[in-house]
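First comes the structure, then the notes that go with it.
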Amino acid sequence: MIDTNQLDIEEKIKKIPHLLKYMGSKREILDFVTDSVGSLNVQSEWLCDLFSGTGVVGGTFKDEYKVHANDVQSYASVLSHTYLLNLKGQLTIDCLDEIKNKVNTLVSDYYNRFQKLNFNYDDINTFKKLQKIEKAQQALISEDFDIGFHLFTKYYSGTYWSYDQCVWIDSIRAVAEQYKSKPQYYPILSSLIFAMSYVSQSTGHYAQYRDVTEDNMKDILSYRNRDIWVYFERKFIELIKNVNGKSQDFRVTTLDYVDCLRIIEEDSIVYSDPPYQSVHYSRFYHAIETLVKYDYPNISFKGRYRDDRHQSPFCKKTTVKQAFSLMFEGVNIKKSHLALSYSDTGMIDLDTIINISKNSLKGYTNDILTKNHTHSKMGRSDEKNQEVKEYIILFKRN
């Protein structure tokens, strides 16, 4: 017998192509999320994805609800816009040639202006040669570039990406601005985010780049030789071929979660997937936040982090309980329903969450759904994966 529910979720996933290696992404358990939200059995018009991250949850529900996608990080708004638009109905493959010509023009101009900057990896065959060329690029942080759109070339050459890869990143980012009010804008940025993720020599995020060693030099060289445009083009084509839908009304915001809850529609379904542990997402994805803002920020430490990185109260033992309390209060004031994702490896345990909810969510019933899941640690320890128990706690207003 054909599992129609499985076919349905597979069709939905096709409409939300993968864009970013992301800690805690719900892509692999979307069936669990959609089934859980469906089991609320309420007739809400709006669904608010309160911590949207990669945007896959909002993208999955766009045919069923008006979606309000929110996340305090700017890159998340780009990903959500990409999924919530009807790209298949607005763009054709022909626009890619125009984009490519514009990018090639800027890349050529860059190389013509800075001919002395030549970092060729073709003849690198020893550890010392590779180390030397990497350090030479890292030193560009002290150079003055008299050209627009040079942020990544200056800040990140020889770190997560090579100088040449950064020239392409800057050039594609510059071209994106030419489409700021057009449907090409968001898929250009999203495709670039994808390309950066899969060309970077780091472990899947941007907490730190890898220093060259004799053991890893071949692996790092393989990433240095990857072509940004190849990855960009492949993803751009996939997006405009697959991202479609009914394009119901949607809203994308970059607000603190407390602010967002004040402006959601009453009787919404709020899907909340706050950070589970002490790691701040702004540390792991600062580089793509800078790509989107493109504001030449003050940076520091080896990872070249933004000085204004957001610190989530859900990631601190001293503030996590109050953070949950404020979330429950916001949902209650808006007379809405809540589907809360969490895990048995979170900052606080399930019983504590339920006890906190009782102070604010009066007149609500709750139901706890559970799924075993393998969570990727994204290179943060010797163990690549961790077995966890994922919860979705449903709070339904009576």
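Things to note:
- Taken over region 329-346, the criterion of being buried (at least 21 other Cβ atoms within 10 Å of the Cβ) and touching a Phe, Trp or Tyr at 6+ places or on another chain (Cβ under 8 Å) is satisfied by G330, V331, H337, L338, A339, L340, S341, Y342.
- Among (1) crowded, with 19+ Cβ neighbours inside 10 Å; (2) in a helix (DSSP H, G or I); (3) of a type in the set (D, E, K, R), the one test that K100 misses: (1)
- Annotation: of all residues in region 278-323 being without any contact (Cβ under 8 Å) to a residue 12 or more places away in the chain and part of a helix (DSSP H, G or I), the one that is nearest to the chain's Cα centre (by Cα) is P313.
- Being aliphatic (A, V, I, L, M) and either surrounded by fewer than 24 Cβ atoms within 10 Å (Cβ to Cβ) or not assigned by TED's automatic domain parsing to the domain that holds L106 (or both) is not true of A195.
This table checks each residue for (1) touching a strand residue (DSSP E or B) at 6+ places or on another chain (Cβ under 9 Å); (2) assigned to a helix (DSSP H, G or I); (3) β-branched (V, I, T).
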{"residue": "I29", "(1), (2), (3)": "yes, yes, yes"}
{"residue": "V37", "(1), (2), (3)": "yes, yes, yes"}
{"residue": "G59", "(1), (2), (3)": "yes, yes, no"}
{"residue": "L79", "(1), (2), (3)": "yes, yes, no"}
{"residue": "S108", "(1), (2), (3)": "no, yes, no"}
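- The listed residues are R262, R210, R226, and the only one of them that is under 30 Å from K335 (Cα atoms) and among the charged types (D, E, K, R) turns out to be R262.
- Meets criteria (over 19 Å from D249 (Cβ atoms), surrounded by fewer than 23 Cβ atoms within 10 Å (Cβ to Cβ) and not assigned by TED's automatic domain parsing to the domain that holds Y163) for E10: yes
- Looking across region 261-316 at every residue that is more than 25 Å from A339 (Cβ to Cβ) and among the basic types (K, R), the one that is surrounded by the fewest Cβ atoms within 10 Å (Cβ to Cβ) is identified as K302.
- Subset of region 342-398 (residues that are at pLDDT 85 or above, under 21 Å from the mean Cα position of the chain (by Cα) and either of a type in the set (S, T, N, Q) or outside the structural domain of K21 (by TED's automatic domain parsing) (or both)): S343
- Scanning region 261-275 for residues that are touching a residue at least 60 places away in the same chain (Cβ under 8 Å), in contact with a strand residue (DSSP E or B) (Cβ under 9 Å, 6 or more places away or on another chain), β-branched (V, I, T) and outside the structural domain of D344 (by TED's automatic domain parsing) turns up nothing.
- Whether a residue is under 30 Å from A207 (Cβ atoms), touching a residue at least 40 places away in the same chain (Cβ under 8 Å), surrounded by 24 or more Cβ atoms within 10 Å (Cβ to Cβ) and in contact with a strand residue (DSSP E or B) (Cβ under 7 Å, 6 or more places away or on another chain) was assessed, and G53 does not pass this test.
- For the criterion of being more than 22 Å from Y257 (Cβ to Cβ) and surrounded by 14 or more Cβ atoms within 10 Å (Cβ to Cβ), L79 fails.
- Condition met for V258 (surrounded by fewer than 23 Cβ atoms within 10 Å (Cβ to Cβ), in contact (Cβ under 8 Å) with a residue 24 or more places away in the chain, among the hydrophobic types (A, V, I, L, M, F, W, C) and closer than 21 Å to K26 by Cα): no
- Selected residue (criterion: surrounded by the most Cβ atoms within 10 Å (Cβ to Cβ)) from residues of region 124-166 that are of a type in the set (F, W, Y) and closer than 24 Å to S222 by Cβ: Y156
The values are calculated or read from the model by the stated rules, or taken from the named source; none is laboratory data. These numbers were taken from a predicted model, which means no experiment stands behind them. With ideal geometry, Cβ positions are generated from the backbone for all residues, glycine too; neighbour counts draw on all protein chains shown.
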